[in-house]
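Shown next, in structure tokens, is the structure this report addresses.
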Amino acid sequence: MDHIAKRQKVDEKAVLFNSDTLSKIISYLPSIDLLNLALASKRFGISDNNDDPSLIEKSAQILVQDIATEEQLAALPHYDGESSLADYHYLQLMREPLMFDQLVGDIEYVNSGDKSCVKYGNAYGSGLSTAFSNNILRAGRHYALFNIGDDGGVFIGVMRPGEAIQGASGSPRYEEFYQYFSQTHAERYNNNNVHCCLLAFETKKCLSSGWDDETSNETWEGSEPLSSGDDIGLLLNLDDGTLTVYKNGTKLGVMKRGLAGPYCWVTTMLGGRATIKRGTIPPL
């Protein structure tokens, strides 16, 4: 009888701690808590064997497949050395509101509890300042809406993800910024040198930079005047390497081609205010 009771207990544990059950439990956990659980427990752990993932990795894989849309799955490329926990982490970021996580220069949040809206902190013309997101855009299609208020020289677009370190200033197009910038996943640029691409709100031109190469200042087909209060949509399509501009829901045109590798959303300004939010991806 004792061995039957022990077997029943083992069976009960097997039912409780299986990947299907665990995937439902971990759906309530932020990705950082899930990672801490994996690091703290050998049973749940992170496997070194891709052919034999751990229980928590199997659960994360099931969860991603259950809750992600087709568009979100397309934006989750699998890289060597990454586990399903990384996919779950990036999926959570894609489902959260967009915000400007890092500020460089004389720029500040309009409201201290809201990182989605920033404004220039000083008088117009005292130098470019930058705010950018930690939300990494790795593949697929991504759409952000920017609302520009009190325009005094605002630029919006994408740049390489990473961390600005002490000494950084100005715009990511220029040396005073990127020399003090720690890049993330530079090995995934696919030999692409478009590291920053911005729409100039006043001139409507496309400003891009390869950092160590020369900057460019280009016109693009479909551009038209933009006004404070307009909702400007930017569609980054990493499947075909384009950045397309929308104005109040209407497509204006492709601003830049030849983009590849990871990016993040960014605004640079000499004055004014910018708000970012996640938008519904326009149909193909």
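Name the one entry in R160, R138 that is touching a residue at least 24 places away in the same chain (Cβ under 8 Å), charged (D, E, K, R) and surrounded by fewer than 21 Cβ atoms within 10 Å (Cβ to Cβ). Explain how you work it out, then say what you get.
Numbers: R160 fails: surrounded by fewer than 21 Cβ atoms within 10 Å (Cβ to Cβ).
When all the criteria are applied, what remains is R138.
Whether any residue in region 261-275 is over 15 Å from I156 (Cα atoms), open to solvent by 60 Å² or more (accessible area, probe 1.4 Å) and either part of a strand (DSSP E or B) or among the hydroxyl-bearing types (S, T, Y) (or both) is what I want to check. Write out each step before concluding.
Step one: list which residues in region 261-275 are over 15 Å from I156 (Cα atoms), which gives 261-262.
Those still in the list that are open to solvent by 60 Å² or more (accessible area, probe 1.4 Å) too: none.
No, region 261-275 contains no residue that is over 15 Å from I156 (Cα atoms), open to solvent by 60 Å² or more (accessible area, probe 1.4 Å) and either part of a strand (DSSP E or B) or among the hydroxyl-bearing types (S, T, Y) (or both).
Please find, within region 191-200, the residue that is nearest to L259 (Cα to Cα) out of those that are assigned to a loop (DSSP other than H, G, I, E, B) and at pLDDT 90 or above.
To start, the set of residues in region 191-200 that are assigned to a loop (DSSP other than H, G, I, E, B) comprises 191-195.
Checking the rest, the ones that are also at pLDDT 90 or above come to 194-195.
On the way: V194: 6, H195: 9 Å.
Filtering first and then ranking leaves V194.
Taking region 169-190, which residues are part of a loop (DSSP other than H, G, I, E, B), touching a residue at least 24 places away in the same chain (Cβ under 8 Å) and open to solvent by 20 Å² or more (accessible area, probe 1.4 Å)? Lay out the reasoning, then the answer.
Going residue by residue through region 169-190, those that are part of a loop (DSSP other than H, G, I, E, B) are 169-174, 179-180, 184-185, 189-190.
Filter once more, keeping what is touching a residue at least 24 places away in the same chain (Cβ under 8 Å): 169-174, 184-185, 189-190.
Matches in region 169-190: S169, R173, Y174, T184, H185, N190.
Given the conditions (1) open to solvent by 20 Å² or more (accessible area, probe 1.4 Å); (2) over 19 Å from K204 (Cα atoms); (3) touching a strand residue (DSSP E or B) at 6+ places or on another chain (Cβ under 8 Å), and given that D150 satisfies all but one, which numbered condition is not satisfied?
Failed condition: (2).
Taking the condition of being under 17 Å from G149 (Cα atoms), surrounded by fewer than 18 Cβ atoms within 10 Å (Cβ to Cβ) and under 21 Å from the mean Cα position of the chain (by Cα), how many residues in region 201-249 meet it?
1
Of all residues in region 77-112, count the ones that are farther than 22 Å from M159 by Cβ and part of a loop (DSSP other than H, G, I, E, B).
Count: 6.
All but one of (1) out of contact with any strand residue (DSSP E or B) (no Cβ under 7 Å at 6 or more places or on another chain); (2) under 21 Å from M94 (Cβ atoms); (3) β-branched (V, I, T) hold for T203; which doesn't?
Unmet condition: (2).
Between D52, D66, which is more than 26 Å from S133 (Cβ to Cβ), surrounded by fewer than 19 Cβ atoms within 10 Å (Cβ to Cβ) and modelled with pLDDT of 65 or more? Talk me through it step by step, then tell me what you get.
Details: D52 fails: modelled with pLDDT of 65 or more.
Residue meeting the stated conditions: D66.
Hey, can you tell me all the residues within region 95-135 that are among the hydrophobic types (A, V, I, L, M, F, W, C) and either surrounded by fewer than 18 Cβ atoms within 10 Å (Cβ to Cβ) or modelled with pLDDT under 90 (or both)? Walk me through it before giving the result.
Going through region 95-135, the residues among the hydrophobic types (A, V, I, L, M, F, W, C) turn out to be 98-100, 103-104, 107, 110, 117-118, 123, 128, 131-132.
Listed by number, the residues that qualify are L103, V110, A123.
The values are calculated or read from the model by the stated rules, or taken from the named source; none is laboratory data. A quick note: this is a predicted structure, and the numbers were derived from the prediction, not measured. All Cβ positions, even for glycine, are placed from backbone atoms using ideal geometry, and neighbour counts span all protein chains on display. To get the accessible areas, we keep the full protein, side chains included, count just its heavy atoms, and leave off ligands, DNA and RNA. Shrake-Rupley method; radii C 1.70, N 1.55, O 1.52, S 1.80 Å.
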